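Structure, as structure tokens:
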Amino acid sequence: MGYWNSRGLRGSGFEQCINYTNEIYRQKGLGLIQKIPTPITPIEIQKETGRISLAYFDSKSTVDYIGIIQGIAICFDAKETKEKSLPIHNIHDHQIEFMRDFKNQGGLAFILVHFKFFDRYFYMPIEILIKFWNRAKNGGRKSIRFDEFDTNYEIYPDKNNSIIHYIEAVAKEFSNI
């Protein structure tokens, strides 16, 4: 089982922006997207603050978010990297399997990626992600280079980087269904 400690929650700033964006989408009637919590069992709790300082993951989670936008079911995971590429090991087998199954049931499955080094955001559909996943599994490159991301699926945040307008990239996929 995996363990979480105070150094965990990588990418939580990115997820906070996505959570805020999702709330804006809900308020405007554009969609309803929920963050899926990862089930944990606390091991150590700080008595003074009540904060969990050590825990283990009860089970493998699926993806970070599930919801519906304009009648289309979506699921996605948020990934953030400080590097100039996205390591494939940041995407787990069970996540690929879940997203593939979700897509096979008629939904949209994708990842959102924030390259902190470039401060740029991208949408990547599951079909493209699986190509890179298979490349790594078959002995090829173990990461997706920044320049391999399709600029047609670049996401542009608002001027404060507080709203990540991923619905525009999702709309491109609507037209491909």
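The values are calculated or read from the model by the stated rules, or taken from the named source; none is laboratory data. The structure presented is a predicted model; accordingly, all values stated were derived computationally and were not measured. Because the Cβ atoms are built from the backbone with ideal geometry, glycine has one as well, and the counts that use them run over all protein chains shown. The area values use the complete protein model at the heavy-atom level, side chains included, leaving out ligands, DNA and RNA. Shrake-Rupley method; radii C 1.70, N 1.55, O 1.52, S 1.80 Å.
Annotation: amide H of Ile45 within the under-5 Å range of Ser53, sequence separation 5 or more or interchain, hydrogens built in the peptide plane.
What the phi angles of region 76-86 give under the Karplus curve with 6.51, -1.76 and 1.60, with θ = phi - 60°, is a coupling list of 7, 10, 9, 10, 10, 9, 8, 7, 8, 8, 9 Hz, glycine and proline written as x. Each residue was assigned an accessible area with a 1.4 Å probe, and for Thr49 the value is about 90 Å². Considering only Ala171, Tyr123, Ile144, the residue lying farthest towards the positive end of the dipole of region 100-177 is Ile144, judged by Cα position with unit charges set on Cβ.
At 0.36 nm per residue, minus the direct Cα-Cα distance, what do Ile130 and Leu30 gain on full extension? Give it in nm, one decimal, please. Present the calculation step by step, with values, prior to reporting the outcome.
Values: separation 100, 0.36 × 100 = 36.00 nm, distance 2.80 nm.
So the extension gain works out to 33.2 nm.
Each residue of region 118-135 was assigned a 3J(HN,Hα) from its phi angle through the Karplus curve 6.51 cos²θ - 1.76 cosθ + 1.60 (θ = phi - 60°); the sequence is 9, 6, 10, 10, 9, 9, 9, x, 4, 4, 6, 4, 4, 4, 5, 4, 5, 4 Hz, with glycine and proline shown as x.
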